[in-house]
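Report on the following structure.
The values are calculated or read from the model by the stated rules, or taken from the named source; none is laboratory data. Just so it is clear, the model here is predicted, and its values are computed rather than measured. Counting neighbours? That spans all protein chains shown, and the Cβs are built from the backbone with ideal geometry, glycine included. Keep in mind that these areas ignore ligands, DNA and RNA; they rest on the heavy atoms of the full protein, side chains included. Shrake-Rupley method; radii C 1.70, N 1.55, O 1.52, S 1.80 Å.
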Amino acid sequence: MIRFVLILLCCATLQTRGQSTRHETRNRAVFWTEQNFVFKTGGRWSFQLDHQYRRQADDDGRDLNAFRHPLLQVFRPWINYQLSKPVRLSISPIGLWWNWGRINEYQPTTFFQEIRIIPQLQITKPLGDGEFIQRFRTELRWPSRTDTLANAYVFLSDGESQEVLADRFNVRLRAMARWINPVFKRNEQDKRWYTHLSIEPMMVLSPTATHFDQNRTYMAIGRKISENLRLELGYLNQYTIQRIPADQLRIHRFNHALHVYVYLENRRRSKAASDSGPED
């Protein structure tokens, strides 16, 4: 009898632990665009502005209309310094982010804003007929509280104390490996077409946790329209983990993105290297 009671207690304990966190996998179609405008000086300095705009389908895995709802809009300036031929240092002194979310068709669209400061190191080296890029970035983020757009919204001001705003500060570490390679290799004219492959894991440091919560894989084909204009079309898979402690829920989300990238720079001769690809 005692053994039977012990077995029941063990089973109850295992069942409680197994049900402590539920896991869901969701797929969503999205559309990403990015425009990158670069101004080169005659020396090692360059300045750029990238603008991103994204839209999303319903979050049910069945909707394929990636243009249905807004997802994100970004304006982000950069200051770059070409330290040496392979090494470039960059900083985005302030970036403005607008984020829209849609949990399901029965809930209203949510919205929050962010300010980000981003220092970055990029190392570019030859690899075969192309180039291999390593990029290391730290994002300092100050997000606002999530709202449902029911009331007037003031940027980063929720009627809360500064301590609460400080609690929402977090740091994201990002490391990216990118390989850009010409499609045709017979002559310089053929090298206008190129392929682009990149992988980027991300780690969040916050007061409550440290965890990897996102990974991006990107495949694209691009064409150099002219010496200072480039167009790229690709597929980006964004895997994220979203934790909802109140519901004891962990969502594994796969965003399947059609990605369009446009790069434009001035024609000035400069020691600053051209940007290697989307900033994201």
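What to note about this one:
- Of all residues making up the stretch 37-75, the number that are part of a strand (DSSP E or B) and charged (D, E, K, R): 4
- Pairing each residue of the stretch 262-280 that is closer than 18 Å to Ile133 by Cα with any residue that is of a type in the set (Asp, Glu), provided the two are 6+ apart or on different chains, yields C-beta distances under 6 Å for Pro278/Glu34; Glu279/Asp50.
- Selected residue (criterion: modelled with the lowest pLDDT) from residues of the stretch 248-267 that are outside any strand (DSSP E or B) and open to solvent by 60 Å² or more (accessible area, probe 1.4 Å): Gln248
- Pair list, Cβ under 6 Å, 6 or more apart: the stretch 230-242 residue touching a residue at least 40 places away in the same chain (Cβ under 8 Å), other residue among the hydrophobic types (A, V, I, L, M, F, W, C): Glu232/Ala220; Leu236/Ala257
- Criterion (among the charged types (D, E, K, R), farther than 17 Å from Leu258 by Cα, out of contact with any Ser or Thr (no Cβ under 8 Å at 6 or more places or on another chain) and open to solvent by 40 Å² or more (accessible area, probe 1.4 Å)) met by exactly one of Asp60, Asp50: Asp60
- Flag for Thr124 being in contact with a Pro (Cβ under 8 Å, 6 or more places away or on another chain), assigned to a strand (DSSP E or B) and within 24 Å of Tyr194 (Cβ to Cβ): yes
- Among the criteria (1) in contact (Cβ under 8 Å) with a residue 24 or more places away in the chain; (2) charged (D, E, K, R); (3) open to solvent by 50 Å² or more (accessible area, probe 1.4 Å), the one Arg76 does not fulfil is (3).
- When the criteria are applied in full, Asp275 fails the requirement of being on the phi > 0 side of the Ramachandran plot and not in a strand (DSSP E or B).
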